[in-house]
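Input: a single structure, listed below in structure tokens.
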Amino acid sequence: LPTLIRKKRDGERLEDAEIGSFVRGVTEGTAQQGQIGAMLMAIRLQGMDAGETLALTRAMAASGRALAWPPAWHRLVVDKHSTGGVGDKVSLALAPALATCGCKVPMISGRGLGHTGGTLDKLEAIPGFRVSQSPEEMCSILERVGCCIVGQSEELAPADRVLYGLRDVTATVDSVPLITASILSKKAAEQLSALVLDVKFGGAALYPTQESARELARSLVEVGTQLGIRTAAVLSRMDQPLGRAVGNAQEVLEALECLDGGGPPDLRQLVTDLGGVLLWQCGKATGVEQGRELLGRALDDGSALSTFEAMLGAQGVSPDTAHGLCTGTPAQRRQLLGEAKVCEELLTPQDGEGDPRWVQQVRALPLAQVLHRLGAGRERAGDPVNPRVGAELLVGAGQHLRAGEPWLRVHHEGTLGAGGRRTLQDALCLGPEPPRDPPPLVAETILPEGP
């Protein structure tokens, strides 16, 4: 192993067998943590070419078991992955909508870390929801419902769990080869037919610029295609929160609005854009536009919401709770999820002249950081989260406000101090003129090269 570390440290290319040897050492525990950290840093500094990244992904996928599906599901097993954002509750609406359109969706999701939320944390805001399902249970749920959203089983890509934990503490999180192998090793173990990736860029994303996000997206599409998965990526902006709700329970409520044919337009757009690509990739639609229309119909006619209710029941939620969430009024839904002690509205600050001012944007990062400190997120894996902490945006870009008008509703346990209020107020960006037309939410779609 020291020889391999030295080789990569000096910028040389690792052979497939050498990469396999390193991953076996990680999985079997024969590689010391210091050695693994040194190799991660060498990869971060020297990079890997496409062949090395593919070999690393394959070795990590082969470090555990692979899921197996009935032959009748050939081409229909699909999934989506997001690199993480603020207010990103797309998976909650997308998985049941895709299942309604005839796909099988074994969505393996993660928990939030840092300022970004995790899909599993959002679902666990629903009383009784069980994210831990064995491969056999997943197959049964897919047979009956068509979709499930679960955590990573210990049997799937165990090498990734070790490397993921060490990347966080060795400042190697942002390495394109390591991100590519981490995401795709789990997807390869899922035995997917098609995959769409939502690679976010902007002020509240892992990648600040579209160019840096494009580098990751191209790596993911190239390696995913080499693995035999029909892979595409969209680059979407993450400067403002997606939708109007941030925080686990609040985002479940907004996802239910989307599943009911409503909700914020940007959320619905991303759900139908990503789903449209997947329906085209797996042959359920003749093109992306038809795929979008099919997804939209599933949201509008109530069928996606019925599938979501069935998924909740299959994953441990009581029938009364599942039915109440999917058919109840907004007040009844809130009661089922529970509410924080304090619901506080922040007001538009005084400007001296009292003239209306225009909302330019609401910055996602400071909003998420304050909610994180209030208990909506975690600093370390394993920390508890408070699902009731969150916020609702009462305004959007292009709206004009007068001093004293409410613009944000914060749900917390009485711990929002003066410093937190100041930070939240700074997230509201106002200007004397209406903002220019915003750039499109989806900036670019990246498909495999060739036919």
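The values are calculated or read from the model by the stated rules, or taken from the named source; none is laboratory data. Keep in mind that this is a model prediction, so the values were computed, not measured. Because the Cβ atoms are built from the backbone with ideal geometry, glycine has one as well, and the counts that use them run over all protein chains shown. In case anyone asks, the SASA skips ligands and DNA or RNA and just uses the protein heavy atoms, side chains included. Shrake-Rupley method; radii C 1.70, N 1.55, O 1.52, S 1.80 Å.
Within 24 Å of the chain's Cα centre (by Cα) and open to solvent by 20 Å² or more (accessible area, probe 1.4 Å): which single residue out of GLU344, GLU289 fits that description?
That would be GLU289, the only listed residue that is within 24 Å of the chain's Cα centre (by Cα) and open to solvent by 20 Å² or more (accessible area, probe 1.4 Å).
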Task: Residue in region 292-308 that is nearest to THR445 (Cα to Cα), counting only those that are touching a Leu at 6+ places or on another chain (Cβ under 7 Å) and open to solvent by 10 Å² or more (accessible area, probe 1.4 Å) - done: LEU294
Open item on the list: Kindly evaluate GLY128 against the criterion of being among the small types (Gly, Ala, Ser), part of a helix (DSSP H, G or I) and either surrounded by fewer than 22 Cβ atoms within 10 Å (Cβ to Cβ) or within 18 Å of the chain's Cα centre (by Cα) (or both).
Closed with: no
- [ ] Please verify whether region 61-83 includes one or more residues that are of a type in the set (D, E, K, R), in contact (Cβ under 8 Å) with a residue 40 or more places away in the chain and farther than 30 Å from VAL442 by Cα.
- [x] yes
Task: Selection count, region 172-231, where residues are of a type in the set (S, T, N, Q) and closer than 24 Å to ALA368 by Cβ - done: 6
Open item on the list: Looking at GLY338, GLY352, GLY390, can you tell me which residue is farther than 23 Å from LEU242 by Cβ, modelled with pLDDT of 95 or more and of a type outside the set (A, V, I, L, M, F, W, C)?
Closed with: GLY338
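Hey, among ASP198, ASP273, which residue is open to solvent by 10 Å² or more (accessible area, probe 1.4 Å), of a type in the set (Asp, Glu) and modelled with pLDDT of 95 or more?
Every option except ASP273 fails the conditions.
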Open item on the list: Against the definition (surrounded by 13 or more Cβ atoms within 10 Å (Cβ to Cβ) and either in a helix (DSSP H, G or I) or in the same structural domain as ASP121 (by the TED database) (or both)), how does GLY398 come out, yes or no?
Closed with: no
Open item on the list: Quick check on region 225-236. Is at least one of its residues farther than 27 Å from LEU67 by Cβ and open to solvent by 10 Å² or more (accessible area, probe 1.4 Å)?
Closed with: no
Task: Unique residue being in contact with a Gly (Cβ under 7 Å, 6 or more places away or on another chain) and in a helix (DSSP H, G or I) when the list is GLY275, GLY324, GLY316, GLY243 - done: GLY275
Open item on the list: Tell me yes or no: at least one residue of region 309-320 is outside the structural domain of CYS147 (by the TED database) and open to solvent by 80 Å² or more (accessible area, probe 1.4 Å).
Closed with: no
TODO: Pick out the one residue from ALA205, ALA249 that is open to solvent by less than 10 Å² (accessible area, probe 1.4 Å) and either modelled with pLDDT under 95 or of a type in the set (A, V, I, L, M) (or both).
DONE: ALA249
- [ ] Please state which of the following conditions SER140 fails to meet, knowing it meets all the rest: (1) assigned to a helix (DSSP H, G or I); (2) on the phi > 0 side of the Ramachandran plot; (3) among the small types (Gly, Ala, Ser).
- [x] (2)
- [ ] Only residues that are out of contact with any strand residue (DSSP E or B) (no Cβ under 9 Å at 6 or more places or on another chain) and either crowded, with 16+ Cβ neighbours inside 10 Å or on the phi > 0 side of the Ramachandran plot (or both): list them for region 373-395, please.
- [x] ARG373, GLY382, VAL385, PRO387
